Amino acid sequence: MTPISSDSLLAAAPTRNSSVATLQSVQRNYRRGKVTVQALKDVDLCIERGEVVALTGPSGCGKSTLLNVLSAVDRADGGDVMVCGLDLRRVAESELTLLRRRKIGVVFQDFQLMPNLTAEENIGLPLALDGQQDSDRVLHLLERVGLARRLGHYPSELSGGEQQRVAVARALVHRPEFVVADEPTGNLDSSNGKEILAMLMEIRLEEGAALVIATHDKEVASRADRVVRLRDGQVLGAHS
Amino acid sequence: MILRSLWLRPTLAQPTRALITVLGVAIGVASVVSTLLASRAAIASMSADVQSVAGESRLEISRPGGFETSDLEALRPICTEALLAPVIERTALSPDLGDLVRILGVDLLIDQELRSIRLDATGNELEAARNSMLHASGVAVSESLSKDLGIGVGEEFELVIRSRKVTLQIAAVFKPERFDSAWDRFILADVALAQELYGFEGRVDRVEIKPRLELNLQQLASRVEGLLPPTYQVQPASARRDEGERLVRALEFNLTALAGVSILVGIVLVATTLATSVVQRQNQIALLRSLGASRSQIARAILVEAGAIGLVGGSLGVALGWIGADSAVSSVRATVATIAEGVTPGIIRLKWEWALTGISLGFFASIFAALLPLREALRTPPIQGLRSQHPQSIAGRPWKMRAALFALLVGAAAFFASLPPLADRPIWALVSALFLLSTLLVLAGPLIDICAGIRPRFMGAGAAISIRLAQAALEASRTRAAWAASAVGVSVALAVSMTTMVGSFRQSVVDWTAQAMPSDLYVRPLTTVGGASAGTIDPALTEVAIDTFGADFVDPFHQSSAHYKGNLILLGGAAFTVVAQHGGVPFLDGRPSREVFAEAAERSAAVVNEPFARRYKVKAGDTLSIDTPAGFIEREIAGVYRDYSGHIGRVVIALEDYLKAYPNEGPKSIAIFLPPDQDLESSRANFMQALAGAYSVEVLNNRELRAEVLRIFEGTFAVTIALQIISSLVAAIAVIAVLSALIRERRRELAVVRVLGASRTQLFNLVLSEAFLLGLAGTLGGLFIGLIVGYVLVTVVNLQSFGWSLDFVIPGSIFMILMIVIPACLLAGLAPAFMALRTAPRESLHANG
């Protein structure tokens, strides 16, 4: 267990160039039983500040693994991963925690709200983990996602669409430099999906955060600044 | 298939959980089995003693105060039909061993027809041994005693009898033919020597009868009774054993009830584990149900799991209990010695029926524990599991139903507490305590809600979030959390109630000794290493005390047995006029001790102890008719005094009246009050000088006496500390079991928290906070219910068991329990916390993309 220093270099080291994340020749292997699976093979990728990038590809192509590496949730086995100015392959676990807490927002396909925290508490969770409290910010986001009247409700009292709105607000509450979203509309019907996506795009634009979104949905991909296609752990190509 | 899916594979996948539960059951069974084996060893030893020592005698004639040998003449008409053997059976202190030995005084010439004792000598040696025993201070000792003393034939050894050192010579060593343990530390002497040693000339303790022909024992007993004065009793030889066994069984009941406590905690542990496993597997149960599994098939799987836990835990418990019985024997040895003089537990023998009882106890306790989780499992409809992605908490009962259930349980507890004892045992009061403890199952849910609802506003946001997340997790797993809190609550309640009972008892004893033992000096026979004292003090010592301090300052207390309404009681004789001047035992009605004793002395009345008054339902002003060797003595009761020195009914009359009915065998103790101008230590020194080393007694000052009383008290209740440790251990196991299950189930949720930026420290604190909250909820409930159970133990169980009324005192030490239990829960949270630390953030995202 490594304690996290309160004001580590992360807090004082803003990203100096225009990219928030740069991946070079990144590799990630898993062992499944006796077999080694190459989830990512020599992936090169650059995410620019404020950019929306859609990751597409068939199931098992490496989208989630790439999101894990980008969001400092998983470490690459090879190559260079620079996120928000940090070399993720070399920094301590505590630095990764701080990075996730302060610079990255995550939206999950199945919402992943804390079942017994209210909507307001769920949104404020990343701030609370950092020892902060900003009720105005939380209320502002609740309003932005149209749930100002539902702040005291628990996830079980919210619809799927409402839960994902809370998740979006949670991903943005701490003003991250970029947001990763893994199939954010995958568990929603099309109208809810569209609404959530629009909201996500809009708010992240206001906040100036980059967005990396893994999706199967062509319509979602069509709204991105850039689409990166993956197959068998490799980037096949990118187009705007 | 269902078994494999619901039980076998999950058990193999998580063997630690199963092992922890099995261990919980094993600890409970082990404490019951070891207690039972230890007390059964005492009973078996006593039974073997009586059987072996009684030999072939079938009837015994006895009388409080002894059988007068002159009355043997009256039995001449049956001499042709039966063999009559006078016997003295007493104890003495061996200074070399620091323990008691038993002396059997018999008529050597006729006794060989009764007992199977063969002296280890032949020819001239045997003749010399007999001569030494008949005409000098020669005795035969058992082989084991000879070994313990490290001396043999012809050598001398010392004993303390009636506070005087006597030197005896080993004339022979004997080897018992049967029941080795019965003859352990046994001395065989000629009856004349025994009479001389105990100042019992002209009397023996009993006369044993062996019919020479095939006679009807009932008819023979009637004939003997007809030949003797009515104060004599003729009973089968086994009657003495029955009385001793009754006393040991009463002790066994109390010890087993205490040990049963750990079974109760074990039941809660099994219930917690099964409830956890049911909720964890609710999706599987729902899936199996939707695939066509019947309720009975699901029930079978759960009961098989519970049964297996019970069988394995029970077997392990029997093995542990067998091992632990040896140490239990030493802890009950002193207690047994005080309630049945001369009896000590023998060898521990694990009979197959006891093993079977232990295993059955584990099995049925587990099956019982499975009932509530089973109900939850059977209530799971197929659709519920399929609809949810994660196991859902089972909805709590509506508060109205909960309140009604709580009221019902409390009502039942109050009802059972108001019932009289069953067969002289506080069985209903213990049932009442069980009902009270079961209210914790109802209270635990709301307590979890309360603990989960308190917002830690006084803390910084960074620290508070761990607690808030822990509260959220407990709310989400309310049912399981409630089970764990119940387990902690039951342990705390048991610890609190026992501490309250012991604390109340201790306070009452402290107050009582302060009032009941006002003497400046206290003389008693030498005690064993374990604190047991036996026998009396030489009457001549009373004279020395009177010569030194004056008759107005010396209160010799004599005691023997008597009969009241056909029951054996203790009859004491005390110097009422002395006590009336200086004060003594406190009286129940609050009247001053001096006043009551003055009245008793003036009106030739008696005082009785509280156990006597309660058992025979008598009060001050009633008249008693006590059957003594000198015939019936009628006395009015002047007062009922508090007595925590024993639970046998005792009547005390004026010493001069007592000595008219009983031979002066010497007092049990002597209380000496110093004249106002005398210095304590110099008076003690003067008195010791006056004794001139002729007596082996302990002369304690008041402070030493009170300290000694408390020392014995603490020793007697040391067993409760062991039970508290067991309870805390099982509570900690419950917390580990439940938290581990919760962590395992919430891996993804914890991973999400990690992804959102929680540090490993925060995650660690989160799990520890859960452990803390579980401990807090359980402790709050346990403290509340424990105090109520403690009140029942103090005011009902004690009164029904021993006839002692105690003041209910809440001892400060119960807060020590809280200071132990909550850290124990935090400690129990460490393993799940470390397990949580292993949660990798990437587990939150599906690695399928």
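Can you say whether residue A:105 is touching a residue at least 40 places away in the same chain (Cβ under 8 Å), open to solvent by less than 40 Å² (accessible area, probe 1.4 Å) and not charged (D, E, K, R), as far as the supplied structure shows? Against the criterion (touching a residue at least 40 places away in the same chain (Cβ under 8 Å), open to solvent by less than 40 Å² (accessible area, probe 1.4 Å) and not charged (D, E, K, R)), residue A:105 qualifies.
Scanning region B:122-141 for residues that are out of contact with any Leu (no Cβ under 8 Å at 6 or more places or on another chain) and surrounded by 15 or more Cβ atoms within 10 Å (Cβ to Cβ) turns up B:128, B:132.
Of the helices (runs of 4 or more DSSP H) that lie entirely inside region B:737-819, those containing 1 or more residues that are among the hydrophobic types (A, V, I, L, M, F, W, C) and farther than 27 Å from residue A:132 by Cα span B:760-792, B:798-802.
Among the residues of this structure, residue B:504 counts as one that is touching a Leu at 6+ places or on another chain (Cβ under 9 Å), farther than 17 Å from residue B:667 by Cα and of a type in the set (Gly, Ala, Ser). Residues that are more than 19 Å from residue A:226 (Cβ to Cβ), open to solvent by 50 Å² or more (accessible area, probe 1.4 Å), more than 13 Å from chain B (Cβ to nearest Cβ) and touching a Gly at 6+ places or on another chain (Cβ under 7 Å) occur at least once in region A:24-36.
The condition of being in the same structural domain as residue B:70 (by TED's automatic domain parsing) and either basic (Lys, Arg) or not in a loop (DSSP other than H, G, I, E, B) (or both) holds for only one of B:89, B:113, that being B:89. Of all the listed residues (B:432, B:418, B:438), the sole one being modelled with pLDDT of 85 or more, touching a Phe, Trp or Tyr at 6+ places or on another chain (Cβ under 8 Å) and of a type in the set (S, T, N, Q) is B:432. Do we have residue B:111 as at pLDDT below 80, acidic (Asp, Glu), over 26 Å from residue B:165 (Cβ atoms) and open to solvent by less than 60 Å² (accessible area, probe 1.4 Å) here? The answer is yes for residue B:111. Scanning region B:59-90 for residues that are modelled with pLDDT of 85 or more and among the polar types (S, T, N, Q) gives B:62, B:69, B:70. Against the conditions (1) assigned to a helix (DSSP H, G or I); (2) more than 30 Å from residue B:432 (Cα to Cα); (3) modelled with pLDDT under 70, residue B:292 satisfies every one except (1). Anything in region B:599-642 that is acidic (Asp, Glu) and touching a helix residue (DSSP H, G or I) at 6+ places or on another chain (Cβ under 6 Å)? List them, or say none. Within region B:599-642, none qualify. Could you look through region A:147-165, keep only residues that are among the aliphatic types (A, V, I, L, M) and out of contact with any Asp or Glu (no Cβ under 9 Å at 6 or more places or on another chain), and pick out the one that is most open to solvent (accessible area, probe 1.4 Å)? So the residue we want is A:148.
Between B:303, B:251, B:228, the distinction of being at pLDDT 70 or above, within 30 Å of residue B:563 (Cβ to Cβ) and either crowded, with 20+ Cβ neighbours inside 10 Å or among the hydrophobic types (A, V, I, L, M, F, W, C) (or both) belongs to B:228 only. Return a yes/no flag: does region B:549-572 have any residue that is in a helix (DSSP H, G or I), closer than 24 Å to residue B:696 by Cβ and not hydroxyl-bearing (Ser, Thr, Tyr). Yes, region B:549-572 contains at least one residue that is in a helix (DSSP H, G or I), closer than 24 Å to residue B:696 by Cβ and not hydroxyl-bearing (Ser, Thr, Tyr).
Can you tell me which residues in region B:507-530 are small (Gly, Ala, Ser) and open to solvent by less than 50 Å² (accessible area, probe 1.4 Å)?
Within region B:507-530, B:508, B:514, B:516, B:519 meet the criteria.
Which of the residues spanning region A:37-93 are touching a Lys or Arg at 6+ places or on another chain (Cβ under 7 Å), among the β-branched types (Val, Ile, Thr) and more than 23 Å from residue A:216 (Cβ to Cβ)? Of everything in region A:37-93, just one residue is touching a Lys or Arg at 6+ places or on another chain (Cβ under 7 Å), among the β-branched types (Val, Ile, Thr) and more than 23 Å from residue A:216 (Cβ to Cβ), namely A:81. Among residues of region A:53-81 that are at the interface with chain B (Cβ under 8 Å from one of its Cβ atoms), those with a beta-carbon under 6 Å from a residue that is polar (S, T, N, Q) and open to solvent by less than 10 Å² (accessible area, probe 1.4 Å) at least six positions away or on a different chain give the pairs A:74/A:68. Considering (1) surrounded by fewer than 22 Cβ atoms within 10 Å (Cβ to Cβ); (2) free of Cβ contacts under 8 Å to residues at least 24 places away in the same chain; (3) not hydroxyl-bearing (Ser, Thr, Tyr), the lone condition that residue B:468 does not fulfil carries the number (1).
Of the strands (runs of 3 or more DSSP E) that lie entirely inside region B:596-702, those containing 3 or more residues that are touching a Phe, Trp or Tyr at 6+ places or on another chain (Cβ under 9 Å) and not β-branched (Val, Ile, Thr) span B:623-628, B:631-641, B:697-701.
The values are calculated or read from the model by the stated rules, or taken from the named source; none is laboratory data. Note that the structure is a prediction, hence the values are computed from the model and not measured. In this analysis, Cβ positions are derived from the backbone assuming ideal geometry, glycine residues included, and neighbour counts consider all displayed protein chains. Surface accessibility is based on the protein's heavy atoms, side chains included, excluding ligands, DNA and RNA. Shrake-Rupley method; radii C 1.70, N 1.55, O 1.52, S 1.80 Å.
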